[in-house]
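The values are calculated or read from the model by the stated rules, or taken from the named source; none is laboratory data. Because the structure is predicted, anything quoted here is derived from the model rather than measured. As a convention, Cβ positions derive from the backbone with ideal geometry for all residues, glycine included, and neighbour counts pool all protein chains shown. Surface areas here come from the heavy atoms of the whole protein model, side chains and all, with no ligands, DNA or RNA. Shrake-Rupley method; radii C 1.70, N 1.55, O 1.52, S 1.80 Å.
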Amino acid sequence: MSTRNDIEAARRGAVAPAAPLVWKFGGSSVADHDRLRAVAERMVAAQRSGRGVVAVLSAMGKSTDQLVGQAYAMSARPPMRELDALLSVGESISCALASMAVAELGSRAVSLTGAQAGVSTDDRHGNARLVEIRPQRIREALAEGAIVLVTGFQGVGPDGDVTTLGRGGSDASAVAVAAALGVDECEIFTDVPAVFTADPRVVPDARRLSSIRHEEMLEMAEAGAAVLQPRSVELAVSHGIDIHLRSSFSAEEGTWIRREAAGFEGTGSSEVAGIAHRRQESIYTADDTGAGTVVAALAERGIAVGALVPIDTGVRFTAPGAEPAEVSAALDAVGAVAKVDEELGSVSVVSLGIARKPDVVVRALAALEAAGIAPRLITTTPGRITAAVPSSQVDDAVRLLHRTFIPAAVATIVSDLRPPADAA
Ligand code: ASP
Ligand code: MG
């Protein structure tokens, strides 16, 4: 990311005088011209109140999906370099339009591409990793009093070509920009109001969290909670940045994803932070292939292996979060074939230090068993237990485990939500 010197210098006050606000707006927050105008208004208001503003923007609405569709309409195997050249355009459009909207409001903004903003990555097109950000132009534009709009999701590789950071990568861009500027807070504006103890579309009485620890959020994100890209949380951990995830459609506070437990109210008496799930969690088999070959082939494409079991005929493995098409393309490249064994989903109980809490594991597995849900694979990390279950049982498993571990919201909270008597 930024060099340690940059950060130290900023901390000593030797670089920028007042810390700028670092914001990120997701695709739904910039989905159309009216929303872009609303974003521009929020930025201009903050700037007029005396703060520098750096905003990292995603592509408008579902436009990245549309660009992917265009690429595959042209070619079944688009060259990754050209795919990046195409996909990166979405974020450039958002930033240029937002800059125009700011100008309409009588302020000045400067849009910067990843390359212009000094965002360097490795050369893994489609799934590049951030290497460093040299935010010279961001600082200059701030010093000139401009609102700075940085394209999310993109950077520049060692050979000067545009790269993209993997789907959802604008979250990582935003946290990295904050780190590079020596700012210890990053606000992510999105279409959900907060982080919940489970997906509220599956568990309507899931609890809204006002704060959650970095490590818990990382486990939730890795287990499928789609509110934040896992890599952005990793960056927040390594650079000590607090993330405030909040709705771009209201002024309400959302969830603070914090370094330390201070102010953490979590889920009250429960030791479980939340229940996460994934609708698709395939188990693959690659015949006549060694474990090392599989791991290397997937790593080449930036895909991480979940479980890996050598069997007599080859290897069985999972690749959490990766599309089956990506997995077969990766193995194809080394002359191996990955066959999807079973269409599964997964449900995870997130609880830090779960290795020292056998009771949590026992209760989770007993609850699933009592409900007739038979996990096909169980994996653990230091912060969660994940059970692969038939896709059709994912929702039931999430509700069941939420009931098992997360105490129901107390009555006073419910009555707080009732409209005041005079509103009737
Ligand atoms: N526009 C990219 C995507 O849809 C990156 C992002 O929005 O974070 O994945
Ligand atoms: Mg996103």
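Inside region 21-71, can you point out the residues that are within 16 Å of ligand 2 (Cβ to nearest atom) and assigned to a loop (DSSP other than H, G, I, E, B)?
Passing the criteria: 26, 31, 58, 59, 60, 61, 62.
Of all residues in region 269-299, which are under 15 Å from residue 379 (Cα atoms) and in a loop (DSSP other than H, G, I, E, B)?
281, 282
If you take the residues of region 82-104 that are surrounded by fewer than 17 Cβ atoms within 10 Å (Cβ to Cβ) and more than 16 Å from ligand 1 (Cβ to nearest atom), which of them is nearest to the chain's Cα centre (by Cα)?
82
State the number of residues belonging to region 135-186 that are within 16 Å of ligand 2 (Cβ to nearest atom) and either in a loop (DSSP other than H, G, I, E, B) or free of Cβ contacts under 8 Å to residues at least 12 places away in the same chain (or both).
Within region 135-186, residues that are within 16 Å of ligand 2 (Cβ to nearest atom) and either in a loop (DSSP other than H, G, I, E, B) or free of Cβ contacts under 8 Å to residues at least 12 places away in the same chain (or both) number 7.
Which residue, of 340, 361, is closer than 18 Å to residue 305 by Cβ and without any contact (Cβ under 8 Å) to a residue 60 or more places away in the chain?
340
From the list 223, 236, 206, exactly one residue is of a type in the set (A, V, I, L, M, F, W, C), open to solvent by less than 10 Å² (accessible area, probe 1.4 Å) and under 26 Å from residue 408 (Cα atoms). Which is it?
Only one candidate passes the filter, namely 223.
Can you pull out every residue in region 158-175 that is over 15 Å from residue 116 (Cβ atoms) and either small (Gly, Ala, Ser) or more than 8 Å from ligand 1 (Cβ to nearest atom) (or both)?
Scanning region 158-175 gives 158, 159, 166, 168, 169, 170, 172, 174, 175.
Output the strands (runs of 3 or more DSSP E) that fall wholly within region 300-373 and possess 2 or more residues being surrounded by 20 or more Cβ atoms within 10 Å (Cβ to Cβ) and hydrophobic (A, V, I, L, M, F, W, C), or say none.
Because the criterion is at least 2 residues that are surrounded by 20 or more Cβ atoms within 10 Å (Cβ to Cβ) and hydrophobic (A, V, I, L, M, F, W, C), the strands (runs of 3 or more DSSP E) in region 300-373 that meet it are 314-318, 344-350.
Here is a list: 143, 178. Which entry is of a type outside the set (Asp, Glu) and in contact with a strand residue (DSSP E or B) (Cβ under 7 Å, 6 or more places away or on another chain)?
Just one listed residue meets the conditions, 178.
Hey, among the residues in region 91-130 that are assigned to a strand (DSSP E or B) and in contact (Cβ under 8 Å) with a residue 60 or more places away in the chain, which one's farthest from residue 80 (Cα to Cα)?
109
Looking only at residues in region 130-144 that are open to solvent by less than 100 Å² (accessible area, probe 1.4 Å) and not β-branched (Val, Ile, Thr), which one is farthest from residue 155 (Cα to Cα)?
143
Do we have residue 206 as in contact with a helix residue (DSSP H, G or I) (Cβ under 9 Å, 6 or more places away or on another chain), modelled with pLDDT of 95 or more and not in a loop (DSSP other than H, G, I, E, B) here?
No: the conditions fail for residue 206.
If you go through region 211-220 one residue at a time, do you hit one that is open to solvent by 20 Å² or more (accessible area, probe 1.4 Å) and either among the β-branched types (Val, Ile, Thr) or assigned to a loop (DSSP other than H, G, I, E, B) (or both)?
No, there is no match, as no residue in region 211-220 is open to solvent by 20 Å² or more (accessible area, probe 1.4 Å) and either among the β-branched types (Val, Ile, Thr) or assigned to a loop (DSSP other than H, G, I, E, B) (or both).
Taking residue 211, is it without any contact (Cβ under 8 Å) to a residue 60 or more places away in the chain, farther than 24 Å from residue 91 by Cβ, hydroxyl-bearing (Ser, Thr, Tyr) and away from ligand 1 (no atom under 16 Å from the Cβ)?
It is true that residue 211 is without any contact (Cβ under 8 Å) to a residue 60 or more places away in the chain, farther than 24 Å from residue 91 by Cβ, hydroxyl-bearing (Ser, Thr, Tyr) and away from ligand 1 (no atom under 16 Å from the Cβ).
Got a number for residues in region 68-81 being open to solvent by 60 Å² or more (accessible area, probe 1.4 Å) and at pLDDT 95 or above?
4
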